[in-house]
Amino acid sequence: MKTKFIFVTGGVLSSLGKGLAASSLGALLQTRGLSVTIQKLDPYINVDPGTMNPFQHGEVFVTDDGAETDLDLGHYERYLNVPMSRKNNTTSGAIYNHVIARERHGDYLGATVQVIPHITDEIKHTVLSLAEGESAPDVAIIEIGGTVGDIEGLPFLEAIRQLRSELGRDTCLNIHLTLVPYLRCAGEHKTKPTQHSVKELLSIGIQPDIILCRCEQSIPQEMRRKIALFCNVDQDAVFSSVDVNNIYEVPLRFYEEGFDQKVAIMLRLPARNAHLESWEKLVHDCANPQGRVTVAIVGKYVDLKEAYKSLHEALVHGGVANRVAVELRYVNSENVTEQNAAAVFKGCDGILVPGGFGYRGVEGKIAAIRYAREKRVPFFGICLGMQCAVIEFARHVAGLEDANSEEFNPLADHKVIYLMTEWFDFRTKNVEKRDASSDKGGTMRLGSYPCKVQPGTKAHEAYKKDMVDERHRHRYEFNNAFKEILGQKGMIFSGTAPDDSLVEIMELPDHPWFLGCQFHPEFKSRPMAAHPLFRDFIKAAKKQSKA
Ligand code: GLN
């Protein structure tokens, strides 16, 4: 097998940045000429995070092939610039689902189905599937969600323990990320939590090869030696992962530590020297903006920034492309009214209404959009944001007073956004059927669909292409019955499905920049290649800030 596996586990506590560490290591190995993929194994029982409230688990990241996945996959795509797929994320729920389906089918031929070996075999199979086929990567990094010591994570740890013993140490490497706190009053780093965490790992048979220490400041040499001694790792296999201001600095800091070098040596990877010019330029550009714009994000999950992770990053990328710092003002849509909009958005150079579900906060979003439209503030509506922009225009420009989405008022006379019960799926070439009362998991239009972009529009000016592919995650659609009347009032449908059956982008030409899209462009934005719509939205905001 050509593929080498790097298993990343976390200890002491959660939120240490395993996802960013895995992504940054992957990016470094890529610059050394290796092909890399990353997989996330999540120990929770949900089959995927699609049904979870964003407050629980942050954003749901959508892949081209329509998988609803953990937000860490967004980091993987942004750092590696390779598309992830449903293969790159699995959960205990998905593993059990599969094993139970096979048991019901009689595939185990009378055996007692158990965690070991059946669940662990299924996990190993999922991991090893990354190494199949012509396009198997040189390196597969496997990030195990949760913290060592969690009951639900045990089958995953057992599976990687077995893989290491089956495939050997030249093929598998264990990296353990822990916290090394700095006690200010004592004036020193404390290694005990790391020692305990490694002890916990050892008790399940996993010896880490490398210890990566999340810390406020770099760990002194003698502390590293102490950790190495007590945790049985090489003297030069203890690295610092220091806090940074900008997440895109992490690959550079890791490189300075010699982290990727050690990984390459331990796995005997045929790696050339790292080339970090583009990362250095990115970090330099982020740190040296030539201006500043303020963008309001009007949503209902604003108390948890993780809920808008990709959106946040895409706006940062748009700023980098325009050499401006983007200041984000998260506004709770439930608190916005037509009366207070001017005060709420004072000083904002752009207003963005992101995706969302359910009626709560929708009227505030509509008020924000009206303000942006009438006061000529650059506006970007994404998914629900576009749907709200259509409702706002229908109500206040086209005079359809009760205009609404079927999601919010199924009895409205003017359902400008509605549930399509049937549509043609370009990927499966089937007519797909949906109904509102069906299961909530996996009943949406999900994943990548083609969109035809009309020349002479702001969308075309951004994309500079007649055809694009973008990712979707929604149930409701623009209702074509209203295309004519809204069109007469000045709305342009600049992006549609190739057969014109679905509206994908709408805009108002008589405005500095007012655009809504039914898809989620934020998933495809990259630090070194901002998404064209985010780039142009920030460009319009920059113009606004100068005016
Ligand atoms: N709730 C809307 C729908 O289901 C929008 C979804 C979203 O913004 N992702 O169509």
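For region 346-393, enumerate the residues that are under 24 Å from residue 481 (Cα atoms), more than 16 Å from the ligand (Cβ to nearest atom) and touching a residue at least 40 places away in the same chain (Cβ under 8 Å).
373, 393
Would a scan of region 522-539 turn up a residue that is away from the ligand (no atom under 15 Å from the Cβ), over 27 Å from residue 357 (Cα atoms), modelled with pLDDT of 95 or more and not hydrophobic (A, V, I, L, M, F, W, C)?
yes
Within region 48-104, count every residue that is among the hydrophobic types (A, V, I, L, M, F, W, C), outside any strand (DSSP E or B) and within 25 Å of residue 247 (Cα to Cα).
The number of residues fulfilling the criteria is 7.
Looking only at region 315-345, filter to residues that are surrounded by 15 or more Cβ atoms within 10 Å (Cβ to Cβ) and among the β-branched types (Val, Ile, Thr); which one of those is nearest to residue 546 (Cα to Cα)?
My answer is 324.
Consider only pairs whose beta carbons are under 7 Å apart and that are at least six residues apart or on different chains; among these, list those whose first residue lies in region 120-133 and is modelled with pLDDT of 95 or more and basic (Lys, Arg) and whose second residue is in a helix (DSSP H, G or I) and surrounded by 14 or more Cβ atoms within 10 Å (Cβ to Cβ).
Between residues of region 120-133 that are modelled with pLDDT of 95 or more and basic (Lys, Arg) and residues that are in a helix (DSSP H, G or I) and surrounded by 14 or more Cβ atoms within 10 Å (Cβ to Cβ), the close pairs are 124/159; 124/162; 124/163.
Could you pull out the residue among 216, 249 that is more than 27 Å from residue 524 (Cβ to Cβ) and of a type in the set (Asp, Glu)?
Values: 249 fails: more than 27 Å from residue 524 (Cβ to Cβ).
Every option except 216 fails the conditions.
Select from region 394-406 the residues that are touching a residue at least 24 places away in the same chain (Cβ under 8 Å) and surrounded by fewer than 24 Cβ atoms within 10 Å (Cβ to Cβ) and write down the one among them that is nearest to the ligand (Cβ to nearest atom).
406
Take the residues in region 346-385 that are among the charged types (D, E, K, R) and buried (at least 24 other Cβ atoms within 10 Å of the Cβ), then tell me which one is farthest from the chain's Cα centre (by Cα).
Checked region 346-385; the qualifying residue farthest from the chain's Cα centre (by Cα) is 349.
Only one of (1) among the charged types (D, E, K, R); (2) surrounded by fewer than 20 Cβ atoms within 10 Å (Cβ to Cβ); (3) on the phi < 0 side of the Ramachandran plot fails for residue 464. Which number is that?
(3)
Evaluate the following for residue 314: is it away from the ligand (no atom under 16 Å from the Cβ) and among the small types (Gly, Ala, Ser)?
Here the answer is no, as residue 314 does not meet what is asked.
Quick check: is even one residue across region 166-173 crowded, with 16+ Cβ neighbours inside 10 Å, aliphatic (A, V, I, L, M) and touching a Pro at 6+ places or on another chain (Cβ under 8 Å)?
Going through region 166-173, the residues crowded, with 16+ Cβ neighbours inside 10 Å turn out to be 167, 171-173.
Within this subset, residues satisfying the condition of being aliphatic (A, V, I, L, M) are 167, 173.
In the following step, the residues that additionally are touching a Pro at 6+ places or on another chain (Cβ under 8 Å) were identified as none.
No, there is no match, as no residue in region 166-173 is crowded, with 16+ Cβ neighbours inside 10 Å, aliphatic (A, V, I, L, M) and touching a Pro at 6+ places or on another chain (Cβ under 8 Å).
One line per residue, one yes/no per condition, for (1) under 16 Å from residue 380 (Cβ atoms); (2) in contact (Cβ under 8 Å) with a residue 12 or more places away in the chain; (3) away from the ligand (no atom under 16 Å from the Cβ):
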residue: 452; (1), (2), (3): no, yes, yes
residue: 457; (1), (2), (3): yes, yes, yes
residue: 463; (1), (2), (3): yes, yes, yes
residue: 473; (1), (2), (3): no, yes, no
residue: 476; (1), (2), (3): no, yes, no
residue: 497; (1), (2), (3): no, yes, no
residue: 509; (1), (2), (3): yes, yes, yes
residue: 512; (1), (2), (3): yes, yes, yes
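The values are calculated or read from the model by the stated rules, or taken from the named source; none is laboratory data. Remember, predicted model here, so these are calculated numbers, not experimental data. Positions of Cβ are generated from backbone atoms using ideal geometry, with glycine treated the same way; all protein chains shown enter the neighbour counts.
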